[in-house]
Every structure is written in C-alpha cells, then in structure tokens.
Amino acid sequence: MCQRESIPIIENDVYGDLWFENPPPNPLKANDTQGNVLYIESVSKTLSPGLRIGWIVGPEPVIERLADIKMKTDYGSSSLSQYAVDKWLSSGMYEGFLKETKEELRFRRDFTIQILKKYFSEIATWSTPKGGFYIWLKLLTGVSTRKLFDAALREGILLNPGSVYDNNDDQHLPYSYASMEQLEKGLVYLAQLIKNSSMN
C-alpha cells in the first residue's frame, strides 16, 4: 500500500544488533525497491546513549534535505563522538563488545523470566523477547501502573512505566540496568505490591 500510494515508511531498527538467538529478520529496507523506506539505526542502544550517533539510509534527495535540517538544528553530531564510533567499528572491537553485551542481556532476560514465572504467573502474562532490553507484561489485575509507580517509589523501587514512552503503554518492564540482586528483590516486592493493590 505504501508503495502504491508513495507513502514513506520510517523503519527504526536501533535494537536490530541486540537480537539474541538467531540472525534477526531482514529489515523492511531489504525489500524496498522504490526508495520508500527510510531506515534508521544507531549505536545508542549498543555502545552508549551519550554518543548520540545514528544513521539513516534512504534516497539521496531525502538524505540531503535531512542533513541540511540537522545542520541548521544542532550544527551536526560531535566530531569526537563520530571519531570514537568510527574507531570502534573499523577496529573490530564493536563485534566483540556486542557479543558480550548480547550474552549479558540474554542472561538477564532468562533470569527475569524465571522470577516472573515464580512470582507473576497469577497476576501477569508475558512473552519472551528475542532481543533488546524489555519484557512486555500484561497485568491481569487491572492495577494502574501509574499508581503502582507511586507505591513502588515510596518503597525505594524505581519503575519505568511504559506510559513514560507511550501514553497507551503501561506494561513495560526493563531488565537491562539493575544488578541481579536489585532486579530480583525489586520484582519480588513489585509482585507483592500488585497483589496487595488488586485486593484493595
């Protein structure tokens, strides 16, 4: 339909390098024969969000226009950041770093899934992600995660409810940052908060 109507598609593939088990599926851009797909990738999820380095693949006139807008908006990305990313990519260090990062994230994902099975099986459903930082939960209790956020914060647990990223998403669980001990302790207590909230 987009090809027929000449409607561009913006494909955001910033988590594409964080696919765990198998090679990721081909991006939409791989099948783009008319230049309708603008493909975006970044190192912000793999190397460091502070680098603020990403790239876009698309038709040359579109890229030239976007480059002009970017230059007028922020005078371009940091030369030092671009140099650092270039060295990571050209030296081969990125592949080794990425392999270690994916192994750690996969371990954390599996660890989190085991906790969910033990403490959340009666209050939520989820699917096991094939990559990335997050597990998507569907709470079965009807508890508002905005209220849950406040209750958890009072107990020293900081949640990132999905509504921070999308007003329609309030069931979004990151597993990538906290220590294993903090992750388990926080999830166990979170399960208790959810159960207690659903009984009130």
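The values are calculated or read from the model by the stated rules, or taken from the named source; none is laboratory data. All figures in this text were calculated on a predicted structure; none of them were measured in a lab. Because the Cβ atoms are built from the backbone with ideal geometry, glycine has one as well, and the counts that use them run over all protein chains shown. Accessible surface areas use protein heavy atoms only, side chains included; no ligands, DNA or RNA. Shrake-Rupley method; radii C 1.70, N 1.55, O 1.52, S 1.80 Å.
Of note, GLY58 satisfies the criterion of being within 22 Å of CYS2 (Cβ to Cβ) and among the small types (Gly, Ala, Ser). Comparison of TYR75, TYR39 shows that the only residue that is more than 25 Å from GLY186 (Cβ to Cβ) and modelled with pLDDT of 95 or more is TYR39.
Specify the residue that is nearest to GLU5 (Cα to Cα); the eligible residues are those in the stretch 30-47 that are open to solvent by 50 Å² or more (accessible area, probe 1.4 Å) and over 20 Å from the mean Cα position of the chain (by Cα). Ranking the candidates gives GLN34 first. Examine the stretch 108-129 for a residue that is open to solvent by less than 70 Å² (accessible area, probe 1.4 Å), within 30 Å of GLY35 (Cβ to Cβ) and hydrophobic (A, V, I, L, M, F, W, C), and state whether such a residue exists. The answer is no; no qualifying residue exists.
Which residues, counting only those in the stretch 48-69, are part of a helix (DSSP H, G or I) and open to solvent by 80 Å² or more (accessible area, probe 1.4 Å)? Can you show your working first?
Our first condition is that a residue be part of a helix (DSSP H, G or I); within the stretch 48-69, this holds for 49-51, 60-69.
Result: PRO49, GLU60, PRO61, GLU64, ARG65.
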